[in-house]
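What follows is a single structure, written as structure tokens, with notes after it.
The values are calculated or read from the model by the stated rules, or taken from the named source; none is laboratory data. Just so it is clear, the model here is predicted, and its values are computed rather than measured. Cβ coordinates were reconstructed from backbone atoms using ideal geometry, including for glycine residues, and neighbour counts include every protein chain displayed. The area values use the complete protein model at the heavy-atom level, side chains included, leaving out ligands, DNA and RNA. Shrake-Rupley method; radii C 1.70, N 1.55, O 1.52, S 1.80 Å.
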Amino acid sequence: MAIFSLTAPVLAIETSCDETACAILDPQGTVLAETVHTQAGHADLGGVVPEIAARAHLALLPGIVSETLEKAGLTLGEIGAYAACTGPGLIGGLIVGSNYAKGLAIAGNRPFIAVNHIEAHALTVRLPGVAQAEIKFPYLLLLVSGGHCQCIAVRSVGSYEKLGGTIDDAAGEAFDKVAKMLGLGWPGGPALEKLAREGAPDAVSLPRPLIGREGCDFSFSGLKTAVARQIAPYGMAALPYAVAADLAASFQQCVCDVMADRARHALALLPDARSLVVAGGVAANETIRKALQAVAESVAIPFVAPPLRLCTDNAVMVGWAAIETIRTYQEAGKALEDGILAAPRPRWPLTEIDAP
Ligand code: KG4
Ligand code: ZN
């Protein structure tokens, strides 16, 4: 691709997990239309089943793309570029979404931009209108979802460093597993937060893994086991409501304390951070948000949490990351290579993202 400037809207697709999503953004990043469909079928199975998710993406995507175009009042002929998440994620879904977008790009003779899912989460906060003022580099991103739990130094578009991450479960995964033990549905995070409101956060003494330890890694499996040990004497079916509520509140407080401590350590590793940003489904948790807000205040930087629909998986972030990438290459006077040959990657470390 030659030095490329975007003069028409970008159509973006996200299919890396169980959200089938499409969004259309104008070249400035204004969202013209978006559609997110969260696949419902996985709830009964207690987690996302990759093969079922991939088939569902395939069935849903044509309708979701048409619906999004219709909402934007656009036709495919008016799209200037296509983008899709090509990793990291579940390989079946990545293949479906990226090939669909590539097909549209080839048919319309338009460029295709391959977007890294984590990079898309990382840049969301810079989407016009998300924060009161433009979020400047560098900043610290705490990405906490069902699949991810990491601290990322966001230095510029294309330049990211993972400062630390989980050595076992992701934070959301821990919420989901503990919720399951407490007899709550899936995903467990929202249900556990609700139950925690009825309990006391200091009722049960639980371990706070890695707290105070150097660096900013996370670990949740020991905490999960400690909760299981508390439940064992009752058996799940006979767990009194008040005990379940106390356990939920105590577990949530633990995760909060761990996250605040890890965020503090991460900020020490990135002393010039200008904001603390949180993304991922766990960012919906009010207690956790408050704890992180306090950490940011303690070092006098703003705490920014994008609205929840932009914190969880969506296609707006994919389109925005593509726009930021196109712009960055253009400003550097460098040619951005067409991503049409980019293979979907279940693993795609941030260090392997190309930058101008
Ligand atoms: O970002 P997301 O929608 O999907 C990915 O995992 O990529 O995050 C979903 C995760 C689930 O594990 C869910 O239990 C957790 O976020 N979650 C919460 C809350 N809402 C969602 N965890 C704690 N408190 C919540 N209110
Ligand atoms: Zn995600």
So, how do all the Cα-to-Cα distances of the stretch 89-178 break down into 10 Å bins, in percent, from 0 on up?
-> 14, 33, 35, 17, 2
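Shape of the stretch 137-305 from its Cα gyration tensor (a ≥ b ≥ c, root eigenvalues): rounded if a/c is under 1.5, otherwise prolate when a/b > b/c, or oblate?
On the way: a/c = 2.19, a/b = 2.10, b/c = 1.04.
Prolate is the answer for the stretch 137-305, as a/c is 1.5 or above and a/b outweighs b/c.
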Rounded accessible area of residue 166 (nearest 10 Å², 1.4 Å probe) | 40
How would 100, 329 rank on accessible area, largest to smallest, probe 1.4 Å?
-> 100, 329
Would you list the P(r) distribution for the chain, with all Cα-Cα distances sorted into 20 Å bins from 0 and each bin expressed as a whole %?
-> 31, 55, 14, 0
Residue-level accessible surface for residue 265, protein heavy atoms, 1.4 Å, Å² | 50
Collect residues whose amide H, placed 1.01 Å from N in the peptide plane, falls under 5 Å from the amide H of residue 84; neighbours closer than 5 in sequence don't count.
-> 13, 113, 115
What span do the alpha-carbon atoms of the stretch 62-212 cover on each of the three principal axes, reported in whole Å from largest to smallest?
-> 61, 36, 32
DSSP bridge pairs, the chain: antiparallel proportion in percent, nearest 5 = 60
For the stretch 137-305, share of DSSP beta bridges that run antiparallel, in % to the nearest 5 | 65
Any chance you could give the angle, 0 to 90 degrees and rounded to 10, that helix 91-108 forms with the longest Cα principal axis of the chain?
-> 20
How would 347, 229, 274 line up by accessible area, probe 1.4 Å, largest first?
-> 347, 229, 274
To the nearest 10 degrees, how steep is helix 50-72 against the longest Cα principal axis of the chain, on a 0 to 90 scale?
-> 50
Within the set 106, 211, 64, GNM on the chain using Cα springs under 10 Å gives the largest fluctuation to 106
For residue 304, tell me the accessible area in Å² from a 1.4 Å probe, rounded to the nearest 10.
-> 20
Mind checking the dipole of the chain: about its Cα centre, +1 per Lys or Arg Cβ, -1 per Asp or Glu Cβ, Debye to the nearest 20?
-> 320
Positive-end residue, the chain charge dipole about Cα centroid, Cβ charges, pick of 137, 23, 174 = 174
160, 241, ranked by accessible area, largest first (probe 1.4 Å) | 241, 160
Over the chain: helical MRE at 222 nm, DSSP H runs n ≥ 4 each giving -39500 (n - 2.57), nearest 500 = -13000 deg cm²/dmol
